[in-house]
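Visitor: Dropping the structure in here first, questions after.
The values are calculated or read from the model by the stated rules, or taken from the named source; none is laboratory data. Since we're looking at a predicted model, the values are computed, not measured. All Cβ positions, even for glycine, are placed from backbone atoms using ideal geometry, and neighbour counts span all protein chains on display.
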Amino acid sequence: MKYNRIFLNHYFVLGLMFLTTTVCAQEQLSLQAKADLLFEKYEYYNAAQLYGKLSESKKVKTRNLERLAESYAQINNYDLAENWYARVAQRADYNKKSLLQYANVLKQNGKYAEAKAMYGRYMDEQGDDDFVKVALQGADSAVRWIAHPGKVDILPFNDVNTPLSEFGMTATPNKLYYAGETNDITVGKSGMTGHSFLRLFSKDINASGKGSIVSDGSMNDAKYHVGPVASNGTGDKLYVTRTNPEKEVQKYRKEGQKWSRSTLELMIYEKQGNDWKETAFPFNNVKEYSLGHAAWSDSENRLYFASDMPGGLGGVDIWYSDLQSDGTWSSPVNAGAEVNTKYDEMFPMVSGNKFYFSSNGRPGMGGLDIFEASVKNGKIVQAKNMGFPINSASDDFAYFVQEDNEIAQKGFLSSNRKGTVGGDDIYRYANKKPVFKIIIEGKTFNKKSRELLAETNVTLYGDKREMLAKTLSNGKAEFTFDADKNSEYKILGERSGFHADSVSLSTAVPTKDTVYQVALYLEPIMEVGHKFVLENIYYDFDKYNIRKDAAVILDQLVRTMRDNPTLRIELSSHTDSRGTHRYNDVLSQRRAESAVDYIVSRGIERDRLVAKGYGERRLVNGCADGVKCSAAEHQANRRTEVEVLSY
């Protein structure tokens, strides 16, 4: 979740279509002008495509690389953002804030040691920074949390998740409510995301299948964003956050372009027969501030909400107002420093004597983290980070407790962590108590020498490429992870100066404690002339386009080159002996060039790569023309190879 998409600063660009049409009628915009215009309009996805083309220039501007990196960060593609920020950080004329953004992206990708180094570099150049100090504390804590994750199942709620964004699940006795984007063409689109404005969805609590847009009353009639929502215990009173649909409050002008700023407000919907009565929360003040993200206390006499109203500690704070016996509301009270910081706190939730909220102003894993506090005598105290896997390196928010008893706590949270099918997804969580213990044990090796390779970064991923745990192999090159039954895993080993290695593993349903043994062999890349094969890169017959399974392997090479910025390689493609020499030469050259083009598109400089097709001229066995060979023997010759040219 991007904070500026969901809470404040909903900017809607006015007059740009007229501006663009007018300019184009007089002269054709250059590629640079088009990219800059899209960036200024917050159309980051489209801007990234054009800045990507500009990055191919032999004299690419640092500003274009910075904007390309920022565009990818804005649309939550942190892998590509990291690649481009890595190039920015190697140049002499970068904007200093790019180092901070690079460090934040590294943290979002779970690279805490690298993030700490970049935060340190930023502070060396810029001086002390309170935000960076908090970020550094969070990076240290995150390493501990990820190495020892909590016993909690986090599963995507696929009944509601789509390739669009969904978040903020709330349960009533009969329904589930949440906010989401839609493909409904009657709903307008946000210029920032390129997707629709948010709408309120619901589904019957026991029904399977996707939810649908709420059609009751006027809840979804607003022009801009609608959601998230809170409910009382019976589900007949809803508190809906929405962007104020009236005329925009503040206007801005820059270089012929116009923007206007809208604010959020809280609307109350009370069920009356078959209709819903709409009233505004009395402390809305759309000309001065935003207010939303409501949550009831269990007693339903106190409403918590988030706002940037005057008098807070800074940024967005959590406030509360009490419902009086005469039906009026008391003046808002700030929840205090045990919850709020100078940065942003939102998405409050109360369950019994526990208070939950999200913050980016406290030590955390990255983006928004979920915190748990206690409610004592009406005061919120002892806030603590809920750790991993409730939190991730991405944004984690909208924690909702649906069930809490002596056996387990279950509910929902929202996140844009790796593995989501959309921008934001809704996840179910539940405490887990396994009957049998399943462990993955492994060692890391130097592939060339077969010697143990200690202090290697090892990451455990789930079947959706979500990070489940991360550790460093010890002095004996050993590592261990806890695992679940009947699950698919990928274990990735990475270390500077080596090409990464990974293995996939499936666990069974055990009848006793079970240990799985794995080994990771990392290829050294420090020696000029050293060659290694990229395993499992396949092309369709007679084709040279990059398949999805090949892209996964090439992405590992991209990471290797990004993490070793002086590395220069030849990437070669080889065929078997079937077909003519000329045909195989042409096909292999096209395949090599296609692989290089893909790597360049991921942020690696083209002058660090040489594409070479050798056809059938470098067979690894005796399967030459006229020699009868098995399919496996021919396959051994069809390979993609890397040779180190300089390091």
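Visitor: Could you tell me whether L571 is more than 15 Å from V533 (Cα to Cα), crowded, with 19+ Cβ neighbours inside 10 Å and not charged (D, E, K, R)? Break it down stepwise before answering.
Guide: Values: more than 15 Å from V533 (Cα to Cα): no; crowded, with 19+ Cβ neighbours inside 10 Å: yes; not charged (D, E, K, R): yes.
Judged against the criteria, L571 is not a match.
Visitor: Related question: If you go through segment 413-468 one residue at a time, how many are of a type in the set (A, V, I, L, M, F, W, C), within 16 Å of the chain's Cα centre (by Cα) and in a strand (DSSP E or B)?
Guide: Residues that pass the stated criteria total 4.
Visitor: In segment 75-85, is there at least one residue being of a type outside the set (S, T, N, Q), in contact (Cβ under 8 Å) with a residue 60 or more places away in the chain and in a loop (DSSP other than H, G, I, E, B)?
Guide: Yes, because at least one residue in segment 75-85 is of a type outside the set (S, T, N, Q), in contact (Cβ under 8 Å) with a residue 60 or more places away in the chain and in a loop (DSSP other than H, G, I, E, B).
Visitor: Which count do you get for residues in segment 585-595 that are crowded, with 22+ Cβ neighbours inside 10 Å and either over 24 Å from K548 (Cα atoms) or not hydroxyl-bearing (S, T, Y) (or both)? Please lay out each step first, then the result.
Guide: We begin by selecting, within segment 585-595, every residue crowded, with 22+ Cβ neighbours inside 10 Å; these are 588, 591-592, 595.
Still in the running and either over 24 Å from K548 (Cα atoms) or not hydroxyl-bearing (S, T, Y) (or both): 591-592, 595.
Qualifying residue count, segment 585-595: 3.
Visitor: Ok, one more. Taking the conditions exactly as written (within 18 Å of I604 (Cα to Cα), part of a helix (DSSP H, G or I) and without any contact (Cβ under 8 Å) to a residue 60 or more places away in the chain), does Y102 satisfy them or not?
Guide: Yes.
Visitor: Something else now. Which residues, taken from segment 606-625, are of a type outside the set (S, T, N, Q) and either assigned by TED's automatic domain parsing to the domain that holds K59 or loosely packed, with under 15 Cβ neighbours inside 10 Å (or both)?
Guide: Answer for segment 606-625, where residues must be of a type outside the set (S, T, N, Q) and either assigned by TED's automatic domain parsing to the domain that holds K59 or loosely packed, with under 15 Cβ neighbours inside 10 Å (or both): R606, D607, R617, R618, V620, G622, A624, D625.
Visitor: Right, here's the next one. From (1) surrounded by fewer than 23 Cβ atoms within 10 Å (Cβ to Cβ); (2) assigned to a helix (DSSP H, G or I); (3) out of contact with any Gly (no Cβ under 8 Å at 6 or more places or on another chain), pick out the condition that doesn't hold for V134.
Guide: Condition not satisfied by V134: (3).
Visitor: Right, here's the next one. Taking the stated definitions as given, is Y51 under 28 Å from M467 (Cα atoms), part of a helix (DSSP H, G or I) and either hydroxyl-bearing (S, T, Y) or touching a residue at least 40 places away in the same chain (Cβ under 8 Å) (or both)?
Guide: When the stated conditions are applied, Y51 does not pass them.
Visitor: Criterion first (buried (at least 17 other Cβ atoms within 10 Å of the Cβ) and not assigned by TED's automatic domain parsing to the domain that holds A454) does R559 satisfy it? Explain how you work it out, then say what you get.
Guide: On the way: buried (at least 17 other Cβ atoms within 10 Å of the Cβ): yes; not assigned by TED's automatic domain parsing to the domain that holds A454: yes.
Yes.
Visitor: So, in segment 335-354, exactly how many residues are part of a strand (DSSP E or B) and either hydroxyl-bearing (S, T, Y) or free of Cβ contacts under 8 Å to residues at least 40 places away in the same chain (or both)? Steps first, please.
Guide: Taking segment 335-354 first, the residues part of a strand (DSSP E or B) are 344-351, 354.
Retained after the next criterion (residues that are either hydroxyl-bearing (S, T, Y) or free of Cβ contacts under 8 Å to residues at least 40 places away in the same chain (or both)): 345, 351.
Residues in segment 335-354 being part of a strand (DSSP E or B) and either hydroxyl-bearing (S, T, Y) or free of Cβ contacts under 8 Å to residues at least 40 places away in the same chain (or both): 2 in total.
Visitor: Here is a follow-up. Give the residue that is farthest from the chain's Cα centre (by Cα), with candidates limited to residues of segment 41-66 that are of a type in the set (A, V, I, L, M, F, W, C) and surrounded by fewer than 21 Cβ atoms within 10 Å (Cβ to Cβ).
Guide: Only one residue fits best here, namely V60.
Visitor: While we're looking at this one, here's another question. Looking only at segment 40-89, filter to residues that are out of contact with any Ser or Thr (no Cβ under 6 Å at 6 or more places or on another chain) and of a type in the set (F, W, Y); which one of those is farthest from T420 (Cα to Cα)?
Guide: Applying the filter and picking the extreme gives Y51.
Visitor: Report every pair of residues separated by at least 6 positions or lying on different chains whose Cβ atoms are under 6 Å apart, first residue within segment 464-481 and without any contact (Cβ under 8 Å) to a residue 60 or more places away in the chain, second hydroxyl-bearing (S, T, Y).
Guide: Qualifying pairs under 6 Å: S473/T444; S473/T456; A477/T444; F479/T471; F479/S473.
A quick yes/no check of all residues on (1) within 24 Å of D425 (Cβ to Cβ); (2) crowded, with 24+ Cβ neighbours inside 10 Å; (3) under 19 Å from the mean Cα position of the chain (by Cα):
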{"position": "D317", "(1), (2), (3)": "no, yes, no"}
{"position": "S358", "(1), (2), (3)": "yes, yes, yes"}
{"position": "V381", "(1), (2), (3)": "no, no, no"}
{"position": "S394", "(1), (2), (3)": "yes, yes, yes"}
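Visitor: Of all strands (runs of 3 or more DSSP E) completely enclosed by segment 210-283, which ones contain at least 3 residues that are modelled with pLDDT of 85 or more?
Guide: 226-231, 237-243, 264-272, 275-280
Visitor: Here's another thing I want to ask about it. Being under 21 Å from the mean Cα position of the chain (by Cα) and of a type in the set (S, T, Y) narrows it down to one of S190, S202, so name that one.
Guide: Only one candidate passes the filter, namely S190.
Visitor: Among the residues of segment 306-315, how many are surrounded by fewer than 24 Cβ atoms within 10 Å (Cβ to Cβ) and either of a type in the set (A, V, I, L, M) or closer than 16 Å to V240 by Cα (or both)?
Guide: Of the residues in segment 306-315, 2 are surrounded by fewer than 24 Cβ atoms within 10 Å (Cβ to Cβ) and either of a type in the set (A, V, I, L, M) or closer than 16 Å to V240 by Cα (or both).
Visitor: Looking at the structure I just gave you, is G336 among the small types (G, A, S), surrounded by 18 or more Cβ atoms within 10 Å (Cβ to Cβ) and assigned by TED's automatic domain parsing to the domain that holds G227?
Guide: Judged against the criteria, G336 is not a match.
Visitor: Name the residue, out of T580, T514, T575, that is under 30 Å from I438 (Cβ atoms) and of a type in the set (S, T, Y).
Guide: T514
Visitor: Would you confirm, using the coordinates I've provided, whether A477 is among the hydrophobic types (A, V, I, L, M, F, W, C), buried (at least 19 other Cβ atoms within 10 Å of the Cβ) and over 30 Å from G422 (Cα atoms)?
Guide: yes
Visitor: Let me spell it out: the conditions are (1) buried (at least 20 other Cβ atoms within 10 Å of the Cβ); (2) over 23 Å from Y178 (Cβ atoms); (3) over 30 Å from the mean Cα position of the chain (by Cα); (4) not small (G, A, S), and L303 meets all of them except one. Which number is the exception?
Guide: Here L303 clears every test but (2).
Visitor: Conditions first: (1) surrounded by 21 or more Cβ atoms within 10 Å (Cβ to Cβ); (2) farther than 19 Å from N457 by Cβ; (3) β-branched (V, I, T). V105 passes all but one, so which condition is the exception?
Guide: Here V105 meets the rest and fails (2).
Visitor: A further question on this structure: Search segment 385-444 for residues being free of Cβ contacts under 8 Å to residues at least 60 places away in the same chain and among the charged types (D, E, K, R), and hand back the single one that is nearest to L80 (Cα to Cα).
Guide: Ranking the qualifying residues of segment 385-444, first place goes to K418.
Visitor: Looking at segment 396-412 only, could you name the residues that are charged (D, E, K, R), in a strand (DSSP E or B) and surrounded by fewer than 23 Cβ atoms within 10 Å (Cβ to Cβ)?
Guide: So in segment 396-412, the residues charged (D, E, K, R) come out as 396, 403-404, 406, 410.
Still in the list and also in a strand (DSSP E or B): 396, 403-404, 410.
Correct list: E403, D404, K410.
Visitor: When you check L176 against the structure, is it free of Cβ contacts under 8 Å to residues at least 40 places away in the same chain, buried (at least 18 other Cβ atoms within 10 Å of the Cβ), of a type in the set (A, V, I, L, M) and more than 27 Å from A47 (Cβ to Cβ), yes or no?
Guide: In short, yes.
Visitor: Here is a further query. E372: closer than 30 Å to V509 by Cα and surrounded by fewer than 19 Cβ atoms within 10 Å (Cβ to Cβ), yes or no?
Guide: Answer is no for this residue.
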